[in-house]
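Everything below concerns the one structure shown next.
The values are calculated or read from the model by the stated rules, or taken from the named source; none is laboratory data. Being a predicted model, the structure only gives us computed values, none of them experimental. Heads up, the Cβs are rebuilt from the backbone with ideal geometry, glycines too, and the neighbour counts pull from every protein chain shown.
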C-alpha cells in the first residue's frame, strides 16, 4: 500500500513539472529589455508578455528620467493597458525592467501591484546604463512578498544573446 501511495505521489509530482509553465513579463522603453526577454524566451520556450503603460513615456531621454524621478518620489503607479489573465497557469515568472533611479520602471511596479505572484518562482532581470541591479530585488520582494525570489541579473547596454543564455542556463539549473 505504501508503494502504491508513493507511486501516485511521484506521478502527480512528475505531472506537475510536466505542466509547469514559464512566463516572461517585461517593460522596455528603448528595446534593450525587450531583446533580453526575447533571448530568455528562446532559451526556455516560455510565453512572453509586454507591459505597456496606457500613457507612454516621453520619447526624449531627459524628459523620461525627470518624469520617472517625480513618479518614484510620489509613489505613483501608471495605469497599464493589459493584465495577465491566466497567471495561475504559470509557476515561474521572469520579470524584466530597465533600472530607473535605482529601482524597477514604474509600469513594472504597477504590474507587480496588480498581479498576485504568491507561490511562484520569480526571476528578475534588468537592463541598466551603469548602476547594476541596484534595489530591484529588494523592491520586487516588497511587491511580491509570497513569491520565491531567485537572484536576478543585470545586463548593461546591448547584452549578447550568448551571455543571456549562459545566465538563464545557470539560474534554470539552480531553480530545479
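From the list 126, 84, the lone residue that is modelled with pLDDT of 95 or more, surrounded by 12 or more Cβ atoms within 10 Å (Cβ to Cβ) and touching a helix residue (DSSP H, G or I) at 6+ places or on another chain (Cβ under 6 Å) is 126. The residue of the stretch 107-123 that is surrounded by the most Cβ atoms within 10 Å (Cβ to Cβ), among those that are touching a strand residue (DSSP E or B) at 6+ places or on another chain (Cβ under 7 Å) and closer than 18 Å to residue 52 by Cα, is 108. Hey, among the residues in the stretch 142-157 that are exposed (fewer than 15 other Cβ atoms within 10 Å of the Cβ) and over 12 Å from the mean Cα position of the chain (by Cα), which one's nearest to residue 77 (Cα to Cα)? It comes out as 142. Taking the stated definitions as given, is residue 138 surrounded by fewer than 17 Cβ atoms within 10 Å (Cβ to Cβ), over 16 Å from the mean Cα position of the chain (by Cα) and in a helix (DSSP H, G or I)? No.
Being modelled with pLDDT under 95 and buried (at least 18 other Cβ atoms within 10 Å of the Cβ) is true for just one of 103, 14. Which residue is that?
Every option except 103 fails the conditions.
Taken over the stretch 77-123, the residue count meeting the criterion of being part of a helix (DSSP H, G or I), within 29 Å of residue 63 (Cβ to Cβ) and touching a residue at least 60 places away in the same chain (Cβ under 8 Å) is 3.
Sort out which residues of the stretch 36-76 are assigned to a loop (DSSP other than H, G, I, E, B), under 19 Å from the mean Cα position of the chain (by Cα) and surrounded by 17 or more Cβ atoms within 10 Å (Cβ to Cβ), and write them in order of number. Result: 46, 51. Reported count of residues in the stretch 23-35, each being crowded, with 18+ Cβ neighbours inside 10 Å and assigned to a loop (DSSP other than H, G, I, E, B), is 3. Which ones in the stretch 166-176 are surrounded by fewer than 16 Cβ atoms within 10 Å (Cβ to Cβ) and not in a loop (DSSP other than H, G, I, E, B)? Within the stretch 166-176, 166, 169, 170, 173, 174, 175 qualify.
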